[in-house]
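As structure tokens, the structure follows; a few thoughts come after it.
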């Protein structure tokens, strides 16, 4: 008695027959999708490379400009603190002691301008322009000729110039140097 295989449907042949017709369709889809996927991948790699280059070159420039503006704003704040202290001390004394108070105010304005003369940031320099105009008005008001002509008007002009100066601190300069 010999053992023989049953004659019936070949299971392996059915599996191969079911798989083989699908493989050419799958391969055809892969061949059609491959260039698009490769282009998308290449585009992503290029975008990452460009961002890496931009992050390495642009951001230090922005931070350097920001640091420079910060230094300029710190110089302006320091000079303003000294100027405000001198103005508080001497503007009230203009009527009683015009020569001494006027000279002290002139010196305070001169030292403010010296402290802010090396402003390197254009934005801070432009924002400081209204303050400079107010300082010119203040210097003209406490000038000796103004007191010789009309002392009361000179004191009133000096007070108006100080008020304009104080409002100038809250103008463009306050926006630039927050």
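Read-outs throughout are calculated quantities, based only on the coordinates presented, and are distinct from any laboratory measurement. Predicted, not measured: the structure shown is a model, and the values here were computed from it. Glycine gets a Cβ as well: all are built from the backbone with ideal geometry, and neighbour counts include every protein chain shown.
Overview of values
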{"item": "Fully extended contour minus Cα-Cα distance, from residue 122 to residue 81, at 0.36 nm per residue", "result": "12.6 nm"}
{"item": "Gain upon complete extension [residue 136, residue 166; 0.36 nm per residue less C-alpha separation]", "result": "9.4 nm"}
{"item": "Potential lengthening between residue 178 and residue 68 on full extension [0.36 nm per residue; Cα-Cα distance subtracted]", "result": "38.2 nm"}
{"item": "Cα shape, region 67-176, gyration tensor, a/c 1.5 rule", "result": "prolate"}
{"item": "Packing rank of 85-91, 145-151, where each peptide gets the mean count of other beta carbons within 10 Å, highest leading", "result": "85-91, 145-151"}
{"item": "Cβ crowding within 10 Å averaged over residues, with 122-128, 34-40, 167-173 ranked highest first", "result": "122-128, 167-173, 34-40"}
